[in-house]
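Structure incoming, see below.
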Amino acid sequence: MLPSDLRVALFSGNYNYVRDGANQSLNLLVGHLLKRGVKVRIYSPTIPRPAFPPTGDLVSVPAFSVPGGRGEYKLGRWLPAVIKRDLADFAPNLVHVSAPEFLGHRAVTWARKHDIPIVASFHTRFDTYPRYYGVGFLEPVVIWGLTRFYNRVDTTLTTCQSMTDLLRDWGVTTPMRIWSRGVSHSRFNPARRDLGWRRMLGIADDEIAVGFLGRLVLEKGLGVFADVIAALERRGIKHKVLVVGEGPAREWFAERVPDAVFAGFQSGDNLGRAVASMDVFFNPSVTETFGNVTLEAMASSVPVVAAYATGTVDLVEDGETGFLIDPANIEGYAAAIARIVTEPGLRDRLGAAGHAKAERFHWDDINESALDAYLETMARKASLRENLSPRPAFVTGASGITEKG
């Protein structure tokens, strides 16, 4: 089968209405697929003013706002008749589901009913979310649900080996392929560093900027970040906190780190400038499956201090490109950042090593691996169908082999 033979229906819980790392990756994947001749149609909740234009043909599905103060996110409810007719007209021969929510479950059920191969990608550690919202006892239930979901598909795409290992430990038995993440090297590189921009924000040239990059939500580890900054202050380590991003927890975070500089949401080359203008990138999140922001910091020659967690452990080499710390070890984080601030030459050495490692990650190669996984899934499904189909029996007659009956 050729890429041009593929007709992919992609189901996403958030394709473009709120910008995040997962949907940025999906849009880049669709762009690559279209260039390779694949037909793609996307089904996702939408809003009148999305964060960015979608790549490819996007079909809006019915949705409701997520409760609990997270109304910016939508949950697709079902596949109504009009969407099923659209699917029938498009006639996909492969379904890709990117989130294990209501819409994702409905898409898997629809694909299984029509015997269409299913690929599911794992983007977010939803199993970790309950601990940030006071319902940690639900974590085993979430893991059970995720395991069941990924065992209903034909191939699971993980972002790295640590995620593959985690899903195997949960009991996911479907074939897995790694669809990693890339980085725009023209946007994220050390040449983007801008001391003038830092000065405009009130960060002096000789101050060490400890940076946070991401959506300002509790599950990104904002509480741990704030506790570590307090520990640095107790140690007398001079620094300045630079926060890049926006989100519903901004006011809460600003109260916890009152001396921080908030640069707000940044995108495009401005984002590259903001990352390269950090001196240390601190990422305490344990909810990542890869850590796009970590890779962006490394590409910008910024040393990383991060939680020892899935995704990050595949990127950061402890003591070589940064430091990996037990997620709950506040003093361990503070000690690692203090070393980078105070030890001569350490920041430059770690940054250079991180930049060299990030050079290996290119979007075209990575997205081609997802296409390879599609084609492999199609071939495996076709072989399974052939093996399960009834075969005619043959007997040997006087004139040779003839079909029985």
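Where residues in the range 64-113 are polar (S, T, N, Q) and part of a loop (DSSP other than H, G, I, E, B), which of them is nearest to the chain's Cα centre (by Cα)?
Taking the candidates together, the pick is SER98.
While we're looking at this one, here's another question. Any residue at all in the range 224-236 that's at pLDDT 95 or above, not in a helix (DSSP H, G or I) and not aliphatic (A, V, I, L, M)?
Scanning the range 224-236 turns up at least one residue that is at pLDDT 95 or above, not in a helix (DSSP H, G or I) and not aliphatic (A, V, I, L, M).
Also, quick follow-up: Failed condition for THR174, given (1) assigned to a loop (DSSP other than H, G, I, E, B); (2) open to solvent by 50 Å² or more (accessible area, probe 1.4 Å); (3) more than 19 Å from ALA306 (Cα to Cα), with all others met?
(2)
Being under 22 Å from LEU87 (Cα atoms), part of a loop (DSSP other than H, G, I, E, B), touching a Phe, Trp or Tyr at 6+ places or on another chain (Cβ under 7 Å) and open to solvent by 10 Å² or more (accessible area, probe 1.4 Å) is the filter here; which residues of the range 1-35 pass it?
Passing the criteria: only ASN14.
For the range 320-372, which positions are of a type in the set (Val, Ile, Thr), over 17 Å from ALA309 (Cβ atoms) and touching a Pro at 6+ places or on another chain (Cβ under 9 Å)?
Scanning the range 320-372 gives a single hit, ILE340.
Can you give me the number of residues within the range 150-171 that are open to solvent by 50 Å² or more (accessible area, probe 1.4 Å), within 25 Å of VAL293 (Cβ to Cβ) and either without any contact (Cβ under 8 Å) to a residue 24 or more places away in the chain or of a type in the set (Ser, Thr, Tyr) (or both)?
Going through the range 150-171 one residue at a time, the tally reaches 1.
List pairs: first in the range 91-111 and without any contact (Cβ under 8 Å) to a residue 40 or more places away in the chain and farther than 21 Å from ILE143 by Cα, second open to solvent by 10 Å² or more (accessible area, probe 1.4 Å) and in a helix (DSSP H, G or I), Cβ under 8 Å, 6+ apart or cross-chain?
From the range 91-111, the pairs are TRP110/LYS84.
May I ask you to list the residues in the range 114-153 that are of a type in the set (Val, Ile, Thr), under 20 Å from the mean Cα position of the chain (by Cα) and assigned to a helix (DSSP H, G or I)?
Those that are of a type in the set (Val, Ile, Thr), under 20 Å from the mean Cα position of the chain (by Cα) and assigned to a helix (DSSP H, G or I): THR128, VAL142, ILE143, THR147.
Still on this model: Just checking: which of the helices (runs of 4 or more DSSP H) contained wholly in the range 300-397 hold 2 or more residues that are of a type in the set (S, T, N, Q), in contact (Cβ under 8 Å) with a residue 40 or more places away in the chain and buried (at least 18 other Cβ atoms within 10 Å of the Cβ)? Step through it out loud before you land on a result.
Working: elements: 312-315, 330-342, 346-358, 363-388.
So the answer is 363-388.
Still on this structure, I have one more. Could you tell me which numbered condition ILE203 fails, if it satisfies all but one of (1) in contact with a strand residue (DSSP E or B) (Cβ under 7 Å, 6 or more places away or on another chain); (2) among the aliphatic types (A, V, I, L, M); (3) not in a loop (DSSP other than H, G, I, E, B)?
(3)
The values are calculated or read from the model by the stated rules, or taken from the named source; none is laboratory data. Being a predicted model, the structure only gives us computed values, none of them experimental. Quick reminder, even Gly has a Cβ in these numbers, built from the backbone with ideal geometry, and neighbours come from all protein chains shown. Ligands, DNA and RNA are stripped out before the accessible areas are found, and what is left, the full protein with its side chains, is counted by its heavy atoms. Shrake-Rupley method; radii C 1.70, N 1.55, O 1.52, S 1.80 Å.
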